[in-house]
Number of protein chains: 2
Amino acid sequence: MASDVQPTPAKQPVTLREVAAIAGVSVATASKALNGQGRMTAETRSRIRETAQRLGFRPNSLAQSLLRRRSFTVGLLTNDTYGRFSLPLMAGVSDALVDAGVSVFLCNVEDDPRLAQLHVDAMLDKRVDGIIATGKRIDRHLPVDLANLGIPAIYAFTEPDPNAIAFVSDDAGGARLAVEHFCRLGRRRIAHVSGPASFAVVHARAEAYREVLAENGLPVLEPLLGPWSEAWGHEAVRRLFDGEGFDGTREKPDAVFCGNDQIARGVIDALRERGIGVPDEVGVIGFDNWQIVAEATRPPLTSVDMNLAALGREAGLALLSLVGGEPALPGIRKLPCRLVVRQSCGRPPDG
Amino acid sequence: MASDVQPTPAKQPVTLREVAAIAGVSVATASKALNGQGRMTAETRSRIRETAQRLGFRPNSLAQSLLRRRSFTVGLLTNDTYGRFSLPLMAGVSDALVDAGVSVFLCNVEDDPRLAQLHVDAMLDKRVDGIIATGKRIDRHLPVDLANLGIPAIYAFTEPDPNAIAFVSDDAGGARLAVEHFCRLGRRRIAHVSGPASFAVVHARAEAYREVLAENGLPVLEPLLGPWSEAWGHEAVRRLFDGEGFDGTREKPDAVFCGNDQIARGVIDALRERGIGVPDEVGVIGFDNWQIVAEATRPPLTSVDMNLAALGREAGLALLSLVGGEPALPGIRKLPCRLVVRQSCGRPPDG
DNA sequence: TCCCCCTGAGAAAACCTTTTCCCAATCCGC
DNA sequence: GCGGATTGGGAAAAGGTTTTCTCAGGGGGA
């Protein structure tokens, strides 16, 4: 009467026992044949293999894991629901693990300790081999303690427990790349517009900004801090170009290093609205290299990329080696950023 | 010599056998006590429970799954690596499943058939209870066949196999919401700027656009199709406002319905650069409700939200019921969009 | 007093695979 | 032809839990 319904066709997977029975051997022999273990005639081995092949036998990971005490599964904990940070990071993690046959449980815990504990417990019950914690901020802890779980934990782009291993971006290094790029291009009055003072990275980048300027004998303007928004980029331009100018000299900046791409977007738009040419009069560099933003600014935005996918890869590989029993020193590893040059900085004066 | 290293502390989980031994009962009784099965004195039951509690006993999911033939695990397949579509969708799926104690394997398959098959095989080996497939386009297939896997599959925001269950956004309905909103506000000359003709949603939305205009006796301008980019929004404004005008009347549009938020952003920026007021002279509505874009436009963008999290939830619940053995009719379910009103449309003329 | 039924709890099979040990048969050298 | 080594393969335990079956003892009815 009703049309097609769809309860599972229930195609039972074939077990090793069936393979063995059909090949006329014991399960022990079948197992050894398929795993290249044990001794038997080449004929027996190939007969078993062929039978397994024909029947579409695939070993039950659950049974294997139970025996081996290793589930080839890890948990990835994040609180970055909609974030552009965790996605590339996850892709990197997954990429590092897939080759080892390891699958990833994705758990979004928002910022809810109860939810986090729920997910961690579920992962523990499912006997994950390890956990990777990641977040949207380097200087914030996930709302759960991963220290004494009995399985290794790696932190990526989030604040680690003491005595754990963490991978984070080298924000100071990234800022250096940007400011040094400006210096090489002959910019002399370089401003810095960044995010809220409550973010650790804001200070790390600002410090590097100051250092590079000092090394190059250039004047330092106190960094302008505000929200991570386009609107703040606009406002900052107003302050920079309506204010009393650089270093008391009444000169206006010829470069702006921004704390993220959204601020940079606001800065570029505001400059254009004031009739100030980018990159001719003012160069702009962003941070995050959020492609969809960086490529939509006019001109396209030069930006610092934190190499999050690489960071995820490293975290995945580190976890793998920890799971494999190899010891490793705890600590925070900083991975280098890279500068993605587009068109918002111009070429060297002699270029 | 070297400082602290960190090979796993190897805190072995406690097993049911140990609980039983310590409580002085058999494993069978212990199991039944903890699961509320079997018959025993209340005293025995509570003694066992207390022992388990004290020892921190947590049943090994692997062993349970092996026996029950149900892993409380599902696979989520996506090809939307960096996408803003899959994240809310995943959050919805995860949200629907976490309450049932089901964990989610996240597998990003890019568009690589080999990688997709690899992940599907891994999921099958790990005995997932079902698979949810999702992608970045409603009208594209994932590069793998999920039809005869022996486990249920649900499709969300991607093209399903025939005879499968799929959840997609109601793009036509969403477009209606937008255009009808314009009509209610008294806009009379409504243009439509959308994405490439190769996208099915572009046609669905354009068709709804035409219908609503016809229903309201308003002139229809042939939709302008181009890339999903800000630059195309700029270009479209040029064509709309430099061209010969609306319906041959030389009148310019007083509203633009855009195929996504990036195009809308370009449109709004271009209008402002021409000195055309938004929303006073021209109203603009976007699609996707990509918050970070919609809130950064000036003025903030009214946009159609596809309710992707809800869509993910529905998909998760549907999979759960399929896994539970309940039959369901195959077919494509369209879930309604909603209009998120911000400030790019203005108020009703009499408002 | 006898029988039956019920209660409380344990033994064992089952889930599926791996691995260790073991055994029978064959082969070799002498 | 005999002792020992080698070869090919199987039996069984292990991993942790659930579930069915079994069983001993006690209580109640006739």
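The values are calculated or read from the model by the stated rules, or taken from the named source; none is laboratory data. On a predicted model such as this, the values are computed, not experimentally measured, just so you know. Cβ: placed from backbone, ideal geometry, glycine included. Neighbour counts: every protein chain shown. For the accessible areas, the whole protein counts, side chains as well, though only heavy atoms, and no ligand, DNA or RNA atoms are used. Shrake-Rupley method; radii C 1.70, N 1.55, O 1.52, S 1.80 Å.
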Equivalent-ellipsoid semi-axes (√(5λ), Cα gyration tensor) for the stretch B:16-59, whole Å, largest first?
14, 10, 10
Taking every residue of A:56-66, the Cβ atoms of other protein chains inside 10 Å of its Cβ average out to 5
At 1.306 mPa s and 10 °C, Stokes D of chain A from Kirkwood alpha-carbon radius, µm² per second
67 µm²/s
Scan around B:T302 for amide H atoms under 5 Å from its own, H built in the peptide plane at 1.01 Å from N, and keep only partners 5 or more places away or cross-chain.
B:G286, B:R342, B:Q343, B:S344, B:C345
Prolate/oblate/rounded label for the stretch B:171-306 (Cα gyration tensor, a/c 1.5)
rounded
With 10 Å bins from 0: P(r) over the stretch B:271-351, alpha-carbon pairs, percent
16, 33, 21, 16, 10, 3, 0
With +1 on the Cβ of every Lys and Arg and -1 on the Cβ of every Asp and Glu, the dipole magnitude of the stretch B:171-306 about its Cα centre, in debye rounded to the nearest 20, is 220 debye
Restricting to Cα pairs under 8 Å and 6 or more apart, the percent relative contact order of the stretch A:171-306 works out to 26 percent
List the residues whose amide H sits under 5 Å from the amide H of B:R333, counting only those 5 or more places along or on another chain, with H placed 1.01 Å from N in the peptide plane.
B:A166, B:F167, B:V168
Would you calculate a helix-derived [θ] at 222 nm for chain B, using -39,500 (n - 2.57) for each DSSP H run of n ≥ 4 and dividing by the full residue count, to the nearest 500?
-12500 deg cm²/dmol
Heavy atoms only, probe 1.4 Å: what % of the accessible area of the stretch B:51-113 goes to carbon and sulfur, would you let me know?
50 percent
Considering the options A:L97, A:Y209, A:L329, tell which one lies farthest towards the positive end of the dipole of chain A, charges being +1 on Lys and Arg and -1 on Asp and Glu at the Cβ, about the Cα centre.
A:L97
Cα-only radius of gyration and Dmax that characterise the stretch A:69-179, units Å
14.1, 50
Dipole of the stretch B:25-100, Cα-centred, from +1 at each Lys and Arg C-beta and -1 at each Asp and Glu C-beta, to the nearest 20 debye?
440 debye
Take the alpha carbon atoms of the stretch A:126-162, find their center, do the same for the stretch B:296-317, and report the distance between the two centers in whole angstrom.
30 Å
Averaged per residue, what accessible surface does the protein assembly as shown expose to a 1.4 Å probe, in Å²?
43 Å²
Members of the stretch B:322-340 that become less accessible by 10 Å² or more once partner protein chains are added (1.4 angstrom probe, chain alone as reference)
B:L322, B:G325, B:P327, B:A328, B:L329, B:P330
Globularity index of the stretch A:1-143, i.e. its alpha-carbon radius of gyration over 2.2 N^0.38 Å
1.46
Which percent of Cα pairs goes in each bin when the distances of the stretch B:238-316 are cut into 5 angstrom slices starting at zero?
3, 15, 24, 20, 15, 10, 6, 4, 3, 1, 0
Under a no-solvent Debye model with one identical scatterer per Cα of the stretch A:192-233, what's log10 I(q)/I(0) at q = 0.25 Å⁻¹?
-0.82
A correct Kirkwood calculation over the Cα atoms of the protein assembly as shown returns a hydrodynamic radius in Å of 28.5 Å
Which residues of the stretch A:126-170 bury at least 20 Å² of accessible area once all protein chains are present, versus their chain alone (1.4 Å probe)?
A:K126, A:R127, A:N148, A:G150, A:P152, A:N163
Phi to ³J(HN,Hα) by Karplus 6.51 cos²θ - 1.76 cosθ + 1.60 over the stretch A:99-104, Hz, x for Gly, Pro
5, 8, x, 9, 9, 10
Computed E for B:R70/A:E180 - FRET, C-beta separation, R0 51 angstrom, nearest 0.05:
0.35
Theoretical FRET efficiency, 1/(1+(r/R0)^6), r = Cβ-Cβ of A:E43 and B:E211, R0 51 Å, to 0.05
0.10
Counting only protein heavy atoms with a 1.4 Å probe and every protein chain in place, the carbon and sulfur fraction of the accessible surface of the stretch B:213-351 in whole percent equals 50 percent
Taking beta carbons within 10 Å but only from partner chains, what does the mean come to for residues B:291-303?
2
Amide H neighbours of A:T15 at under 5 Å, excluding residues fewer than 5 places away on the same chain, with H built from the backbone geometry, are none
Need one number: buried accessible surface between chains A and B, 1.4 Å probe, both sides summed, DNA, RNA and ligands left out, in Å² to 100.
5900 Å²
Nearest to the axis that maps chain B onto chain A: list the chain B residue whose Cβ wins, with the distance in whole angstrom.
B:L106, 2
Inter-label distance, nm, simple model (7 Å from Cα along the C-beta direction), A:K334/B:S26
6.3 nm
